[in-house]
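Single-structure report; data block below.
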Amino acid sequence: MRRLTSIALLAATLALAAPAVAQVRAPDGAPNPTASSVNEEMLFKQDPKIHGRISIPNATAANLIQPQGREWRQFRESWLPWIGGLVVLGMLAALGLFYFTRGRIRLEHSEESGKKILRFNAFERFSHWMTASCFIVLSLSGLNYIFGKRLLMPLIGPEAFATLAQYGKYAHIYLAWPFMLGVLFMLVLWVRDNIPGKIDWIWLKQGGGLLGDAHPSAGRFNAGQKMVFWMVVGFGLAMGATGIMMIFPFAATDINGMQIMQVIHSLIGVVFIAGILAHIYIGSLGMEGAYDAMGSGEVDLAWAKVHHDLWVKEQQAKTASGPQLGRGQVPAE
Amino acid sequence: MKAFLVAVAAALVLATAASFLLAENQRFAYQAFATSGARVSDPGNNLVGPRWTGDIKDPGQGGHHKAETGS
Amino acid sequence: MARMKFLCDADRCIECNACVTACKNEHEVPWGINRRRVITLNDGKPGERSVSMACMHCTDAPCAAVCPVNCFYTTADAVVLHSKDLCIGCGYCFYACPFGAPQYPRVGNFGSRGKMDKCTYCSGGPEVDLSVAEYEKYGSNRLAEGKLPLCAEMCSTKSLLAGDGEMIAQIYKERVIKRGYGSGAWGWKTAYRETIAI
């Protein structure tokens, strides 16, 4: 029985092989040199790109066809403008809506109004503003890659726009470095005040004082600020890592890798911009007294007691005469 | 305000430094893709040439270069 | 007008690299930049094939679509060209291109890599035809002189064909019918979303 099966198998194999043998011959009976030759369809089945050998020293030129750029193009031209536009404009709309419904969060005056407490020292403010100023230029030049040709180019013409985009590109590449340094500075400066805790959960459950009139207690940074901190650190490092891989082509990854890096970089970028817009809003227009923390570094003691009660207590416990208290003012207690 | 101005100045200084460092790391295609058998210390006076930076500053002067280097 | 295409008959290509040399010499292409290159597949094995590849001047070109400064344009002959005055060297075309055509004069990092360079189908750039400025930036303009790209014109085995897409497809079809085999028009599916039915 077994022998019978094997004979049947052999016969079947021969029957299958017969047409293949016939194909090796050209119509005039000459051997067909393509019988074993490579073809595009077969190579694409093995690998999504066709790669060979090349005699020039540029090894990256050895890829014959790599159609993955089509998917990347689909993302960049069809998806990204909509995602970017919706995320950024959506955040602006949400902030506008919040401003007109909730209004500006006013300073609540108490007997301690007018007294100042140092919130951020000079180096902290320096790190913040270095990162922030770079971020503004990076975000505008980054958005220019997506929206420039759609919005700006029709207004100012191709030549002026190309010049602007060229400087935008230089700014994007070179200001990335102080930005990354600033993110690292802020990470070192503030990480110990940003460890999430139980108090943050309570803060979040009470709406952080944004939605109601409650003032849940908070340490140096409340849960909202901690979220901003971790967003800046996380997104900042991710933008830095993906950006560096694109700045140095082929150093870490090939074209397909760079396409993926660009997708990650741009998606995080637009979300980062939206997040920072909210941060800018609450730090300036959204809340009276908040800007001073990064402006002069000193905040109104009444404001600090309302918004960062635990931190004020801690600072005042640390010192009675207070190097942290500015302009020779004595602490209230 | 002072911290802000210092920060902006520092960002500009660091960006300039980064631009020099990146320029230092920059390599011409004719350097990067030359083999030991190729002598491209002077790649010639065509599109590349020692003056061909890849950026076009004065397109009208192209013919002049050729005449100048030819002499 | 014609719809210009390249077609490399891989069954005829002998990897002599004459197309590469012709291109480099005709346009004075800088060292290290290859507008055209020859890639060998299955090197050293039975069924090895070589394909000469350059910019394929795609239909609905991806480079043109992704360019953030819209520096690309398509001529009446369907040749995809770009303006080096507008190009900012961002490298998006080089991410999008399926054929690895876009290249840059400097390669160390992205910051100042210079203006992109690629095959022009021997038809220059946006400058006045046959002007010095055009030659300096893009090389010669053979199309304006009524000639086809030099790489294909001087291909010793007539493997590389250039010209109107329908005409070169017809030539290729006739060859395939006569000799009885053909490995197809490499890259046509990717570039033009069509292939030559034989």
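The table that follows gives values for the structure above.
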item	result
Hits in segment C:1-23 - residues which are open to solvent by 50 Å² or more (accessible area, probe 1.4 Å) and not hydrophobic (A, V, I, L, M, F, W, C)	C:Arg3, C:Arg12, C:Thr21
Entirely in segment A:146-247, the helices (runs of 4 or more DSSP H) that have 2 or more residues that are in contact with a helix residue (DSSP H, G or I) (Cβ under 7 Å, 6 or more places away or on another chain)	A:158-174, A:176-190, A:198-205, A:223-247
From the options A:Val306, A:Val270, residue that is over 19 Å from A:Val228 (Cα atoms), among the β-branched types (Val, Ile, Thr) and touching a residue at least 40 places away in the same chain (Cβ under 8 Å)	A:Val306
The one condition in (1) more than 8 Å from every other protein chain (Cβ to nearest Cβ); (2) open to solvent by less than 60 Å² (accessible area, probe 1.4 Å) that A:Phe161 fails to fulfil	(1)
Top-ranked residue in segment A:125-146 [being open to solvent by less than 20 Å² (accessible area, probe 1.4 Å) and within 9 Å of chain B (Cβ to nearest Cβ); ranked as farthest from C:Pro68 (Cα to Cα)]	A:Ser127
Test: A:Met246 is within 21 Å of A:Arg70 (Cα to Cα) and open to solvent by less than 50 Å² (accessible area, probe 1.4 Å)	yes
Candidates A:Arg102, A:Arg73 - the one that is more than 25 Å from C:Phe72 (Cα to Cα), among the basic types (Lys, Arg) and open to solvent by 30 Å² or more (accessible area, probe 1.4 Å)	A:Arg102
Residue within segment C:106-115 that is under 12 Å from the mean Cα position of the chain (by Cα), crowded, with 22+ Cβ neighbours inside 10 Å and of a type in the set (Val, Ile, Thr) present	no
Where A:Glu112 falls short, out of the listed (1) in a helix (DSSP H, G or I); (2) among the charged types (D, E, K, R); (3) within 23 Å of A:Tyr291 (Cβ to Cβ)	(1)
For A:Asp292: the one exception among (1) in contact with a Leu (Cβ under 9 Å, 6 or more places away or on another chain); (2) farther than 24 Å from A:Leu140 by Cβ	(1)
Index of the failed condition, C:Ser50 passing every other in (1) within 14 Å of chain B (Cβ to nearest Cβ); (2) among the polar types (S, T, N, Q); (3) open to solvent by less than 10 Å² (accessible area, probe 1.4 Å)	(1)
Residue match in segment C:88-109 (condition: of a type in the set (D, E, K, R) and under 21 Å from A:Gln262 (Cβ atoms))	yes
Yes/no for C:Thr157 being open to solvent by less than 10 Å² (accessible area, probe 1.4 Å) and of a type in the set (Val, Ile, Thr)	no
Of all residues making up segment A:249-266, the number that are touching a helix residue (DSSP H, G or I) at 6+ places or on another chain (Cβ under 8 Å) and buried (at least 17 other Cβ atoms within 10 Å of the Cβ)	9
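One line per residue, one yes/no per condition, for (1) under 20 Å from A:Ile247 (Cα atoms); (2) among the aliphatic types (A, V, I, L, M); (3) within 25 Å of the chain's Cα centre (by Cα); (4) within 14 Å of chain B (Cβ to nearest Cβ):
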residue	(1), (2), (3), (4)
A:Leu152	no, yes, yes, no
A:Leu155	no, yes, no, no
A:His172	yes, no, yes, yes
A:Leu175	yes, yes, yes, yes
A:Met186	no, yes, yes, yes
A:Asp200	no, no, yes, no
A:Lys205	no, no, no, no
A:Gly209	no, no, no, no
A:Pro216	no, no, no, no
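The values are calculated or read from the model by the stated rules, or taken from the named source; none is laboratory data. Fair warning: this is a prediction, and the values are worked out from it, not measured in the lab. Note that we place each Cβ from the backbone using ideal geometry, even for glycine, and neighbour counts take in every protein chain shown. Keep in mind that these areas ignore ligands, DNA and RNA; they rest on the heavy atoms of the full protein, side chains included. Shrake-Rupley method; radii C 1.70, N 1.55, O 1.52, S 1.80 Å.
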